[in-house]
Structures are given as structure tokens and as C-alpha cells.
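First the structure, in the form of C-alpha cells, and then the observations on it.
The values are calculated or read from the model by the stated rules, or taken from the named source; none is laboratory data. Just so we're clear, the structure is a prediction, and the values are computed from it rather than from any experiment. Cβ coordinates were reconstructed from backbone atoms using ideal geometry, including for glycine residues, and neighbour counts include every protein chain displayed.
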Amino acid sequence: MSLLYSNKTDMKIERHRLDDLPEPQSMGRFHRPYAFAEYIDDIHNALTKHNVQVNDEEYVIQKDQQRLFGMMVIESPAEDWQLTLGIRGSHDQSIPRGIALGTNVMVCSNLCFSGELFTGKAKQTVHNAGRILNLIDEAVESIAPAYDKQEHQFATMKEFELIKPEMVDSLMIQAFKRGALSGAQLGTAIREYEKPSYVEHSHYSNTWKLFNAFTQAIKPKGDGVDMNGIVRKTTIISNLMNEVIKKV
């Protein structure tokens, strides 16, 4: 999962401990308190209604327990990729309730929040109380078509052979020129393509292997990660791969 947080300012919390948090207080007549435990329960209830199971989940709170960030890994038959739901919200109205869906979901306590398949937000007000539940339903209803879309895209990547080494070189250079890779990341991508860190990626000589080389190269490392930059680079890489497989 891509839930990034600071050990100095944020506190990791199990789902069942969300019930122990203080009851949120109204900040005025246009603000509807909505407990984090209730929020997560509503998401789980919507997932259950659509026969969607959660394999793993993780949460952190910050700002005196006023903000929540979380990730849920969705159960699927895919062996080499997964869909995730990113979740966030606050009691102090500093950030809206939000849900993101994708294979490259980013949830960070520095407020980076994005999913390439779905990203929705709703303010926590009296008049928008129902809108939050609609947001949850909309996100959950998008899971099945999102899975089918990603399964087709990734299956096409696995089938499309990059026979000539020049094709790989050209795509590496294109990724660098478009800003998806820094000079150092380009070197990492080349090494990952020639000798993948994960053995399963070495079984391919196609766009799937190249895609994984790219994503390994831009994977977050260390503190002070520019999450907005990673989201931008992931989008560039996905678009580049789509251009390739459209030729199939």
C-alpha cells in the first residue's frame, strides 16, 4: 500500500480502535459531525453490499485526532497487481472527506491524494451529509468496471512484445523527455528492465516488464517524498504505455 505518513506527527491506528476516539464536536450549524469509525463502517457496508472484500487496511490519525488517512486493499483474482481504496477526512474541516481508487493510489498525510481510476471528495456539512454516502456508493460501484479496465490493459501489456531493443530504448528516452524519469531514475529503470528486482518480472520481454521497470524506478524512497511528483510521473508512464498498446 502507498499510505505515507510521518512517525513524528502521525499515529497509526487499528480499525477497531477508531471507536475509542473522542466523539467529534459540531463546529457550527452548517457542520455535521461524522465519526471516523462511522465513516469507515459506511465504506465497509457499501463494499459488502457490492460483494467486495477487503484483504488489508491501514489507518493513521494526526492533528490531535482531527484528521484520518487510510488505505484498503481490495480482494481480486489478479496475482501480480491489486486495486486499492484511499480514504481521508477531517473533523476540523481542514480537508474534505475523500475516496480514491486505482492500482497507483497515493494517500499521504501531507495531503497528496489521488487514484488514477477514481478520485472523489465531499465537504462535511449538514446539507452534504447524504452526498458523502453517495460518494461512497459511487466509489464502490466503480470497482468492478475499474478492475475490468485494468485487467484488459495489463493483459494487453503482457501480450505485446517489444521485440527490438531499439523500441525499449526509445520508450525509455520518451519517458525521460516527458518528465516521468529523472536522470538517476532512468538509470534505475534500465537496470530494472535488464535485471528485475522481482523474479516474476523477468519472465517477460514486453511492455509489462517495461511498465514495472518504470514504476520501480519512481517508487518513493526516504523522507520528504514529493508525492505530487510521483502521481504526475505515474500518469505520464500510464499514458505512454497506452500509446504503445493502442498499436496492438
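Annotations
- Taking the range 50-65 as the range and being part of a loop (DSSP other than H, G, I, E, B) and either of a type in the set (Val, Ile, Thr) or farther than 22 Å from PRO145 by Cα (or both) as the test, the residues that pass are VAL52, LYS63, ASP64, GLN65.
- Between ASN128, ASN55, ASN51, the distinction of being over 29 Å from PRO220 (Cα atoms), out of contact with any Pro (no Cβ under 7 Å at 6 or more places or on another chain) and at pLDDT 85 or above belongs to ASN51 only.
- Members of the range 12-48 found to be assigned to a loop (DSSP other than H, G, I, E, B), acidic (Asp, Glu) and at pLDDT 90 or above, listed by number: GLU14
- Tally of residues being farther than 15 Å from TYR34 by Cβ and in contact (Cβ under 8 Å) with a residue 24 or more places away in the chain across the range 64-81: 9
So that you can scan it fast, the table gives a plain yes or no per residue for (1) surrounded by fewer than 16 Cβ atoms within 10 Å (Cβ to Cβ); (2) closer than 21 Å to ASP148 by Cα; (3) touching a Ser or Thr at 6+ places or on another chain (Cβ under 6 Å); (4) not β-branched (Val, Ile, Thr):
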position: GLU23; (1), (2), (3), (4): yes, no, no, yes
position: ALA46; (1), (2), (3), (4): no, yes, no, yes
position: PRO77; (1), (2), (3), (4): yes, yes, no, yes
position: GLY102; (1), (2), (3), (4): no, yes, no, yes
